[in-house]
1. Filter region 393-429 for residues that are out of contact with any Pro (no Cβ under 7 Å at 6 or more places or on another chain), assigned to a strand (DSSP E or B) and either open to solvent by less than 30 Å² (accessible area, probe 1.4 Å) or of a type in the set (A, V, I, L, M) (or both) and give the result.
2. Quick one: which of V471, V441, V454 is at negative phi and out of contact with any helix residue (DSSP H, G or I) (no Cβ under 7 Å at 6 or more places or on another chain)?
3. Quick one: what pairs do we get from region 461-484, first residue touching a residue at least 40 places away in the same chain (Cβ under 8 Å) and within 22 Å of A506 (Cβ to Cβ), second of a type in the set (D, E, K, R) and part of a helix (DSSP H, G or I), C-beta under 8 Å, 6+ apart or different chains?
4. Which of (1) within 17 Å of the chain's Cα centre (by Cα); (2) polar (S, T, N, Q); (3) surrounded by fewer than 21 Cβ atoms within 10 Å (Cβ to Cβ) is the odd one out, the single condition Q200 does not satisfy?
5. Please verify whether L217 is in contact with a Lys or Arg (Cβ under 8 Å, 6 or more places away or on another chain) and touching a residue at least 60 places away in the same chain (Cβ under 8 Å), treating the condition exactly as stated.
6. Can you give me the number of residues within region 227-245 that are hydroxyl-bearing (S, T, Y) and touching a Leu at 6+ places or on another chain (Cβ under 9 Å)?
7. Going through region 246-263 one residue at a time, which ones are more than 16 Å from H330 (Cβ to Cβ) and open to solvent by less than 10 Å² (accessible area, probe 1.4 Å)?
8. Look through region 380-392, keep the residues that are open to solvent by less than 40 Å² (accessible area, probe 1.4 Å) and farther than 19 Å from L347 by Cα, and return whichever of them is modelled with the lowest pLDDT.
Amino acid sequence: MARVNRRLALATAPAEAARRHGAVPIRLDRQLDLFPQAGRSFDYAAFAGLVEEAAALLAGAGVTDGQRILIVKQPSFDIPLLAFACARIGAVPVLVHSAVGFQALGVMTERAAPAAVITDATTEAAGVLDSVDPALPRWYAGERGEHGLSLLDAERGEVPPAAVPREDTPQLVTHSSGTTGVPKLVLHSVHSFAGHARPQITIGKVLRVRDPYLMCLSPVHARCMSGMLAILALGLPLGFLTDTAPENAAELLAAVRPGVVETVPNAFIRWEEVAERQPELFAQTRLFVSSFDAAHPRTIRTLLGAARPGARYMQAYGQTETGPVTVKSHKLKSRCDDGRCVGRAVLGHTKIRVLDDEGGKAPKGTPGQIFARSSGVTPSYLGSPDQRVDGWWAMGDYGLVSDRGCLHLFDRIVDRGSGVESLLAAEDDILEALPQLTEAVIIPMSDGPAVPLVVTRGDAPLDLAAWRRAVAALPELAAPVQCRWDDIPHTATWKVKRLEVARRLAAGDLPVLATAGEER
């Protein structure tokens, strides 16, 4: 079995990047919990040194080769740093978002069977770890907590010489979004995770990306870790955000002046107001990158309108389990203007196919279930047999391949049957018609019409007359429910948890600002 390039393995990427690009800067929106003395700005060489220091602390804490280490803490740059440090000594980091909830975390911990937990006092105090056996060794990134010591209290252990593991070696465990229940734990081998990063590096080289790169992704997500591999390999100055709030984004945009900005569509839509109020913050930006879902056309227009002339919006469709599957590059005018278009398969990397309800290949223009095949597809979920069928991975999404050969994404399969042909397309139409909205999500309900959930800029009252005009051509919907962004259950990638929202709406325990017809 061959070995992958040193730049594409978590165990060796930071040191390799420091050797080749040591003085390249990194800037954070908040300081590290584990090493606050490093401040919010340092370079690649310092980062590689912090990874080595964390690896020595982990070794001193008893972490050994092959063990799984559960990392669940408040979002910060500590998480990728600790993931690299675990890999450095041969351990397998299991990255879990602190927002999964204590019940889900209990199930996920049983499945992961970790040798230890790394957390922080804030996560513990919030009750997230209440279902995790306190006898399991627990270490804290920062101040010590109730059930253990700070990782800084560990004696530094011996770190072995850096080496790239074999291709089939387990390297990282991340989790699925959890929009439909307890998140699944996705196992990445050295080979499959290199398959996540490789197309990003290729695209970066083709586009001659040398610009500062601003990233705002969940630190526990596979996309964040593969993005880190690509950024380190390309030697790009990095700005790293963990908070999607527009004011936080504006601060780091002003500091970094990025040429490339990456976040998820649900964060970009919040940054429309930044692009409108302070367009100079995007004046150096020539490339926007988003993952996971189709972006709203209004958002793309707004961002490109504030960016450098000729800027592109590059949208990747994929999942934790697959890495990037399709890519679409937008300019102010696109060859395919359908808002559901997520582009074509990544040349030389992925293949896509759509199957009809009978399991046969659907012709172009006919919707069905989407399947993908690539070198980045996970071998399996943790504790499960191989989920691929003849190498093909079921994406769990519904869509079609157009006459142009591009993929159009309609909905998650579990959201079908709402009475709306495409929930995502209807949401695009609503957002297009109502500029005051920063979110519009249609929630299928089991006992009545779907409920539109909306968020407005500054939580201003919803313009009901404009709302009625926007939905006039849609099938019957319930009265819109207005919420604050922070009160809506989100996944680690800021997608709305539709099933949980439906449950909480039915139970009447979702905090709402107003329902149509009510006074604010």
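The values are calculated or read from the model by the stated rules, or taken from the named source; none is laboratory data. Computed from a predicted model, the values in this text were never measured in an experiment. Because the Cβ atoms are built from the backbone with ideal geometry, glycine has one as well, and the counts that use them run over all protein chains shown. What goes into the accessible areas is simple: the full protein's heavy atoms, side chains included, and nothing from ligands, DNA or RNA. Shrake-Rupley method; radii C 1.70, N 1.55, O 1.52, S 1.80 Å.
1. W393, A394, M395, G396, D397, V401, L407, H408, L409, D411 - these are the residues of region 393-429 that are out of contact with any Pro (no Cβ under 7 Å at 6 or more places or on another chain), assigned to a strand (DSSP E or B) and either open to solvent by less than 30 Å² (accessible area, probe 1.4 Å) or of a type in the set (A, V, I, L, M) (or both).
2. Numbers: V471 fails: out of contact with any helix residue (DSSP H, G or I) (no Cβ under 7 Å at 6 or more places or on another chain); V441 fails: out of contact with any helix residue (DSSP H, G or I) (no Cβ under 7 Å at 6 or more places or on another chain).
That would be V454, the only listed residue that is at negative phi and out of contact with any helix residue (DSSP H, G or I) (no Cβ under 7 Å at 6 or more places or on another chain).
3. L474/D429
4. Answer for Q200: the failing condition is (3).
5. For L217, the condition - in contact with a Lys or Arg (Cβ under 8 Å, 6 or more places away or on another chain) and touching a residue at least 60 places away in the same chain (Cβ under 8 Å) - is met.
6. 1
7. A249, L252, L253, P258, G259, listed by residue number.
8. Of region 380-392, the ones open to solvent by less than 40 Å² (accessible area, probe 1.4 Å) are 380-382, 391-392.
Of the ones still in play, those that are also farther than 19 Å from L347 by Cα are 380-382.
Details: S380: 76, Y381: 86, L382: 84.
The extreme case among them is S380.
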